[in-house]
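Just so it is clear, none of the values below were taken in a lab; they were calculated from the coordinates. This one's a predicted model, so the numbers in the text were calculated from it and none came from an experiment. Positions of Cβ are backbone-derived with ideal geometry, glycine not excepted, and every protein chain shown enters the neighbour counts.
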Amino acid sequence: MRKRMFGALATAAAFAGIVGVTATPAAAAGWITPDQVHSIKNPVTAVAKETPAGSIQVRHGSYGGVQYGWGRVVNPKAGYNLIFEVDLNGDRKVDASDTWAAVWNLSAGGIKWTHGYPTSSSSTRAFRACITRHSSCAETNAEHRTAWW
């Protein structure tokens, strides 16, 4: 059953135009859930950007003794997606973003956040967030995404 569910997720991701994006469960890849992210005390905003569709941020904080990064949007416009992307090898291309690290079809207003991914002291690991109508930050213009952090 588990393999069938993951296969269905991969198929759904491919049909949604998310080709080349991992469709594995967040927890299996070291991710923490949005509820766990929300429980982090004293989070810090690493990089932020005001966009026409809402204020996007890459934030970080500790959960269970491990530091994580995640994406957050404040006062989004309806119909956009919040995407959090992770670069693992320093080329500043997404390596670990998937449907678990995005909030699809946002409602207007409020604050929304993604799953969290472990940070690293290595300069090869970097994060960015975007608010877009597409399925990746690379598909949107720089006006709608943060710099890599």
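For region 97-137, the set of chymotrypsin sites (Phe, Trp or Tyr not before Pro) satisfying both a DSSP loop assignment and a count of at most 13 other C-beta atoms within 10 Å is given as Trp104. Shown in residue order for region 123-135 are the 3J(HN,Hα) couplings computed by the Karplus curve 6.51 cos²θ - 1.76 cosθ + 1.60 at θ = phi - 60°: 6, 6, 8, 8, 10, 8, 10, 8, 10, 8, 9, 9, 9 Hz (x for Gly and Pro). Please give me the summed charge of the neighbours of Thr146: other residues whose Cβ is under 9 Å from its Cβ, Lys and Arg +1, Asp and Glu -1. Cβ neighbours under 9 Å give a net charge of +3.
Between His115 and Ala102, the built amide H atoms are under 5 Å apart, and every one of these is 5 or more places off in sequence or on another chain.
Near Lys112, which aspartates and glutamates are there with a Cα under 14 Å away, not counting those fewer than 8 places off in the same chain? Hits, sequence-local ones excluded: Asp35. Residues whose amide H comes within less than 5 Å of that of Tyr63, counting only those at least five positions distant or on another chain, are Tyr68 (H built at 1.01 Å from N in the peptide plane).
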